1. For the stretch 172-324, what ratio Rg/Rh do Cα atoms give with a Kirkwood hydrodynamic radius?
2. For a test of understanding, tell me how many lysine pairs in the chain have Cα atoms under 30 Å apart, given they are 8 or more places apart or on different chains.
3. 222 nm [θ] for the chain, helices only, -39500 (n - 2.57) per DSSP H run of 4+, per residue, to 500?
4. Could you give each residue of the stretch 99-109 its phi-based ³J(HN,Hα) in whole Hz, using Karplus coefficients 6.51, -1.76, 1.60 with θ = phi - 60°, and x for Gly or Pro?
5. With every protein chain kept in place and ligands, DNA and RNA left out, what is the accessible area per residue of the stretch 211-307? Probe 1.4 Å, answer in Å².
6. Once you keep just the Cα pairs under 8 angstrom separated by 6 or more residues, what percentage relative contact order results for the chain?
7. Return the sequence-ordered ³J(HN,Hα) values of the stretch 303-309 in whole Hz as given by the Karplus equation 6.51 cos²θ - 1.76 cosθ + 1.60 applied to θ = phi - 60°, using x for Gly and Pro.
8. Considering Cα pairs under 8 angstrom that are at least six residues apart, work out the relative contact order of the stretch 81-161 and quote it in whole percent.
Amino acid sequence: MKVMLVAGTRPDFIKIAPLMCALHQPPAMESILVHTGQQRDWRMNGLFFQQLAIPDPAESLDSDGSSVAARLTTIMLRFEPLLNKYRPDCVIVVGNVHHAIGCVLIAAEMGIRVIHVDAGLRSPSRNTPEEIDRILADHLSDLLFCTEQGAVDNLLRECIPKSKIVLAGNVTIDALWRYWNKARASRILPALELPDSGYAVLTMHHRPNIQDAAGFSGIIAAMEVIGLDMPVVFPMHPRARELLTVDQMCKLHSAIRFIDPLGYLDFLKLMASAKVVFTDSGGVQEETTVLNVPCITLRDSTDRPCTAEMGSNYIVGTDPDTIIDVYRHSQNGGRKTAT
Ligand code: UDP
């Protein structure tokens, strides 16, 4: 059995690490890793291959392009010859498949089985490219692995046959436990000189939170207040840095502590020891749930409803008063944090 895996972003690398380990267990399958080239910054890419001991990609699509059409076309033109060269039995895509959607289309057209890991997650609105891509990927896939019952229900509502759907668990969480002992040994807390009294973590890079002026101002106003209680550490995604204006950067600077994006092990340690995490990331909502760290999600809804049902994730949006109220509630004996 020959399996081709496609990955291109930080969360993809985290998801494929435990998958590749499983594929290499006896009876081992041949695995071919294709990098879409979406994230190239060492801190978002090479560092993850190194820390998670992921083998080097066999091929890279180096997807680039100034327009959606250029990017999709490049990916499809470069992926088709790889399918002819390797002739895999199936292609596995993970997560939100934004760049990998071109690979899904070509594989499906060529009659190669497509497997989507993390299938069925849905947001209430279809107005983002990521949402469109994951819906397309799910409908073109032959086998759909879901992380929670809500995702299974979404797929069934969209008339995807039950026989294609597997409630399989969560590879992001498999990775967390696989690397947890290494993460615990991280020296990131002393390196950042964080106080014993505690600190908060912020991760934010989704366009609406940065490009919507009202949403962004709401988050900053809340961080200014929370920053009086404890430092707020912000490992900044390169995309956030690209999207932020100088004026926004200055406002952020006065409220929070910027750092470069962290490697996986340091970030797990930072997150697990935080008093609270503010985020717009799906993966971080899942990780804080299992680490039992209060998570305040800076979005109006979550595509991972089980994180809210389990009680550690508060879906709050960007209104500053609500963020502050929920933050105070989360710190008043609501939930204990992981150590
Ligand atoms: N993460 C990391 N370093 C950081 C911030 C996040 O390793 O500085 C990890 C985090 O543990 C999570 C993943 O990156 O598993 C989330 O990635 P991202 O926010 O880029 O993607 P999203 O979840 O928004 O799709």
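The values are calculated or read from the model by the stated rules, or taken from the named source; none is laboratory data. Every value quoted in this text rests on a predicted model; they were computed, and no experiment measured them. FYI the Cβ positions are ideal-geometry reconstructions off the backbone, even for glycines, and counts take in every protein chain you see. Keep in mind that these areas ignore ligands, DNA and RNA; they rest on the heavy atoms of the full protein, side chains included. Shrake-Rupley method; radii C 1.70, N 1.55, O 1.52, S 1.80 Å.
1. Over the Cα atoms of the stretch 172-324, Rg/Rh equals 0.94.
2. Lysine pairs, 8 or more places apart or on different chains, close enough: 19.
3. -14000 deg cm²/dmol
4. 7, 6, 4, x, 5, 4, 4, 5, 4, 4, 4
5. Working: 3300 Å² over 97 residues.
With the other protein chains kept in place, the stretch 211-307 gives 34 Å² per residue.
6. Value for the chain: 14 percent.
7. 8, 10, x, 5, 5, 7, 4
8. Relative contact order for the stretch 81-161 comes out at 31 percent.
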